[in-house]
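Right, one structure below, let's go through it.
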Amino acid sequence: MTDTDTHQPSTTASLERAVEAAGHAIFITAPDGTITYVNPAFEAITGYAAAEAIGRTPTILNSGEHAQEYYQRLWETISAGDVWEEEIINRRKNGDHYTAHQTIAPVTSNGDIEQFVAIQTDITDQKAREDQLRKYKRAIEETHDLIAALDTEHRYLFANSRYRRFHGIEQDKLGDTVLADVFDADRLETIEPHFEQALDGEVVSYRMARSSPSTGDRTFDIRYYPLEDPDGTVDGVVITMRDISDLVDRQRELERNRDLLAHTEQLVGTGGWEYVAETQTLRWTDGTRQLHGVPDSYEPSIDDAIEFFHPDDQETIQQAVDQCRNQGIEYDIEARLVTADGRTRWVRTTGQRCVRNGKTVLHGAIQDITARKQREQRLMVLNRILRHNLRNNLSTVMGYADLLEEELSTLQALDSLNEDHSPGAVIGHVAELADLSTSLQRELATFDRAIEHVTSFPFETALTGTKQIKESSRELIDLTQKAQQFERGADDDQIVETVAIQPLLEDIAASYLEAYPAATIEVTGAETSIQGNEAALRRILDELVENALSHSDQESPTVTLDVQSDESVRIRVVDTGAGLPEMERKTISEGEETSLMHGSGIGLWLVNWLATRLGGTVTIADNEPRGTIVTLEFPAVSG
């Protein structure tokens, strides 16, 4: 036995052990393709036990993924004594497909093929990773974002086509390109700090306007991400640039529309609101906040919103909101709203219910209708005053006119007799004509009655009627002037300013002392200011002082203008006269147009109306021992 013979069994045994232990699937077939051997890895990869595979052909692994031409080329290659090496998709016993890198080599003896040895390496996971990588690469290439990766030396490792195109980088020169080749010094000064932050492990995000010859000026959302190796070491930076120019334009357009809506709401006194019942979240538009006089940051609850309404109207609003939320009943209500600074406004508020994303949502609008309400009140007051006062005064004028007409008709008849039949002529006729006809006797009788009527003519009655006509005419003129003042004063409060009270009161006192020199007008109290309109406040005080002086029953009336200030400002007009009649008290304190029964009523109603418009209230009390105290109360100037 030679040394070779001595070592042959050992070598064969080692080879067999190596094949058995190999991680690759190995199987051997006869020249006709019948499987004669499979190793354990074959069993593990394919799922076929050796006993199931031996005696059969490799067609048991056919997945159907390859055309017949593939297998034909395979057999032609190995049958010619050549080695076949290619990827193949096979099927496991359980039906799953797997991808293998397969090598088939013929084993020959004396030029004849005795068997074929096939080795398969399962590369299914590798192919999946490659496929995933291809998808990632395709996604990166096809994305609208600009993406690049750089190493710690600022050298490009990768850049997708959009990034390269925007920055003018050629693909074949990418690996030799660094940041300094792409950006000028000023831009690098901005970029490098962000880059270093990313190398320190931070994610950096910022916006920047960039420009290129192909796209012009664009706005990008730029982000830097640390590029880590499997050990977690940062060895580069990934840069993404998302073109948000269209988004920025839309945001700007949205902001312009929002501003336009806000200005429109402000111009027309309108706002919107939305309430999500499930979350109890109430949202107001800017216009609604302006109507309520609250800052832009104010976020109310539904209860807060209802409390802004006048106490007398809160129950109505609460009931409407509850019915809308629970039953879907829409509402459209006109009510009074008390703003954050104490002003009272009339508003029209609407609401309706809808379901959005499964949630109950109430939404509606609120509109300032104060001007309309005031116009209605002005027309109503003027209508009532004019109808009542004009009717009364004109009735008086007509009555005395009828009386004078009757008297003047009698005088006209007397004048006719004087022209045609003077007393002397008549007596002469009587003396000369004793036989006067019956007709002439009747004329004489008529003349006698006329003489008797003239001697008893009621001249005092005629004088009284004439005076009454003049007085009624003056009242009508005064009423017209009051109406004109009312129309002028109706819009006095449109401009809001800081009004110093003490100088205003002193000026009013001085002006009325000239008109009423016998009166005593005192100004007392603290120096303070209110937010209002000086012309409107002057009109209020003029009316109250004029009323106190002109209706006083004293030869030397006394009026005190007193100011008190703490959380609010109170201006008191105190007189010592006979006091205001109940009718006028209602006019001035309640603004009841039904009680305006004379010309002064329109002025007193204007007091209440203007004070309310300025955010104030009017109250009346008796002065002791006599007279009246009218108190105007306004919010104090904040700050």
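The values are calculated or read from the model by the stated rules, or taken from the named source; none is laboratory data. Predicted model, so just to flag it, every value in this text is computed and none were measured. Virtual Cβ from ideal backbone geometry, glycine too; neighbours counted across all protein chains shown. Note: areas computed on protein heavy atoms with side chains; ligands, DNA, RNA excluded. Shrake-Rupley method; radii C 1.70, N 1.55, O 1.52, S 1.80 Å.
Below, the figures for the structure above:
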| item | result |
| --- | --- |
| From the options Val361, Val347, Val381, residue that is among the aliphatic types (A, V, I, L, M), touching an Asp or Glu at 6+ places or on another chain (Cβ under 8 Å) and at pLDDT below 90 | Val381 |
| Test: residue in segment 251-269 that is crowded, with 16+ Cβ neighbours inside 10 Å and either of a type in the set (S, T, N, Q) or not in a helix (DSSP H, G or I) (or both) | yes |
| Residue match in segment 186-195 (condition: in contact (Cβ under 8 Å) with a residue 60 or more places away in the chain and farther than 30 Å from Gly81 by Cα) | no |
| One residue from Leu580, Leu596, Leu541 being open to solvent by less than 50 Å² (accessible area, probe 1.4 Å) and modelled with pLDDT of 85 or more | Leu541 |
| Those residues of segment 131-149 which are small (Gly, Ala, Ser) and either farther than 30 Å from Thr99 by Cα or in a strand (DSSP E or B) (or both), in sequence order | Ala148, Ala149 |
| Residue count for segment 27-37, restricted to those that are under 10 Å from Ile119 (Cα atoms) and open to solvent by less than 20 Å² (accessible area, probe 1.4 Å) | 1 |
| Test: residue in segment 150-165 that is open to solvent by less than 60 Å² (accessible area, probe 1.4 Å), more than 24 Å from Glu228 (Cβ to Cβ), out of contact with any strand residue (DSSP E or B) (no Cβ under 9 Å at 6 or more places or on another chain) and assigned to a helix (DSSP H, G or I) | yes |
| Checking Leu632 against (1) at pLDDT below 90; (2) outside any helix (DSSP H, G or I); (3) open to solvent by less than 50 Å² (accessible area, probe 1.4 Å), the condition it does not meet | (1) |
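Residue-wise test of (1) within 22 Å of Ile123 (Cα to Cα); (2) free of Cβ contacts under 8 Å to residues at least 24 places away in the same chain.
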| site | (1), (2) |
| --- | --- |
| Ala30 | no, no |
| Asn39 | yes, yes |
| Glu43 | yes, yes |
| Ala49 | yes, yes |
| Leu61 | yes, no |
| Glu76 | no, yes |
| Val83 | yes, yes |
| Arg92 | yes, no |
| His97 | yes, no |
